Amino acid sequence: MKTYKCICKTLDDTKQLAQRFAELIKDGCFVNLYGEIGAGKTAFVKLVADALDVKERVTSPSFVILNEYHTGSIPIYHFDLYRLENEGIKTIYDELREYSEGKQVTFVEWAEFNQNEAPFNHIKINVTYSDDDSRVYEFKSIGNKNKDIIKGLRV
C-alpha cells in the first residue's frame with residue numbers, strides 16, 4: 001500500500017513520527033506538504049531536521065521561499081510556495097525538479113500552489129488538525145520510488 005495515516009495526539013507522538021520518517025529518508029526524498037495555516041507543516045519539518053542532526057535553527061521559508069540546511073546527516077532544502085504567484089511558480093519549477101534528484105531531502109510547503117505540476121516521484125504529506133488539537137498526518141507515495149518509505153512508517 002502506498003499510503004499511511006497517523007494521528008498524533010501529543011507533541012511526543014509527532015516527534016516519534018518525525019524520527020521514524022527521518023530514519024527512512026536518509027538516502028533522500030522529495031516531499032510536498034499540504035495543510036492549512038497552523039496545521040503543523042513547518043513544525044514537522046523542524047522535527048525531521050532535528051532527527052537528521054541539523055544544527056541550524058529551522059524556520060519557515062515564507063518570506064525567503066527557500067531555506068537550506070547543510071549541517072545534518074543529509075542536506076535539507078525547505079521551500080515555501082505560499083507567496084509566489086503563478087508566474088513565480090513557473091520560474092522555479094525546473095529548480096524544484098533539480099531538488100528532486102540526488103541524496104538530499106526537499107520539503108515544499110504549500111505544494112498545492114504548484115498546480116500539481118510535480119509528476120516526479122515524491123511523498124505527499126497532508127496535515128490536518130482536529131478540535132481536540134491532535135494532528136493527522138497522511139502520507140502518500142506518488143510514483144514507486146518512495147513506497148518503501150511509506151511501508152516503513154507502518155511498522
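Miscellaneous remarks
- With respect to the conditions (1) in a loop (DSSP other than H, G, I, E, B); (2) touching a residue at least 60 places away in the same chain (Cβ under 8 Å); (3) among the aliphatic types (A, V, I, L, M), Val54 falls short on a single one, namely (2).
- Selection count where residues are at negative phi, surrounded by 14 or more Cβ atoms within 10 Å (Cβ to Cβ) and not in a helix (DSSP H, G or I), scope the range 94-112: 8
- The number of residues in the range 1-45 that are small (Gly, Ala, Ser), at pLDDT below 95 and under 13 Å from Phe139 (Cα atoms) comes to 1.
- Once the range 133-145 is narrowed to residues that are modelled with pLDDT of 90 or more and of a type outside the set (Phe, Trp, Tyr), the residue that is farthest from Tyr34 (Cα to Cα) is Ser134.
Yes/no per residue for (1) basic (Lys, Arg); (2) surrounded by 20 or more Cβ atoms within 10 Å (Cβ to Cβ):
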{"residue": "Lys9", "(1), (2)": "yes, no"}
{"residue": "Phe21", "(1), (2)": "no, yes"}
{"residue": "Gly28", "(1), (2)": "no, no"}
{"residue": "Ala39", "(1), (2)": "no, no"}
{"residue": "Phe44", "(1), (2)": "no, yes"}
{"residue": "Val48", "(1), (2)": "no, yes"}
{"residue": "Leu52", "(1), (2)": "no, yes"}
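- Taken together, the criteria exclude Phe63 from residues that are modelled with pLDDT under 85, more than 12 Å from the chain's Cα centre (by Cα), closer than 13 Å to Asn32 by Cβ and of a type outside the set (A, V, I, L, M).
- Of the residues making up the range 19-38, those that are within 22 Å of Glu101 (Cα to Cα) and either in a loop (DSSP other than H, G, I, E, B) or among the hydrophobic types (A, V, I, L, M, F, W, C) (or both) number 11.
- Scoring Ala49 on the criteria (1) hydrophobic (A, V, I, L, M, F, W, C); (2) at pLDDT 90 or above; (3) closer than 20 Å to Ser141 by Cβ leaves a single failure, condition (3).
- Pairs meeting the criteria (first residue in the range 120-132 and at pLDDT below 90 and of a type in the set (A, V, I, L, M, F, W, C), second residue surrounded by 15 or more Cβ atoms within 10 Å (Cβ to Cβ) and not in a strand (DSSP E or B), beta carbons under 8 Å, at least 6 apart or on different chains) are Phe120/Ser100.
The values are calculated or read from the model by the stated rules, or taken from the named source; none is laboratory data. Because the structure is a prediction, the values reported are computed rather than measured. All Cβ positions, even for glycine, are placed from backbone atoms using ideal geometry, and neighbour counts span all protein chains on display.
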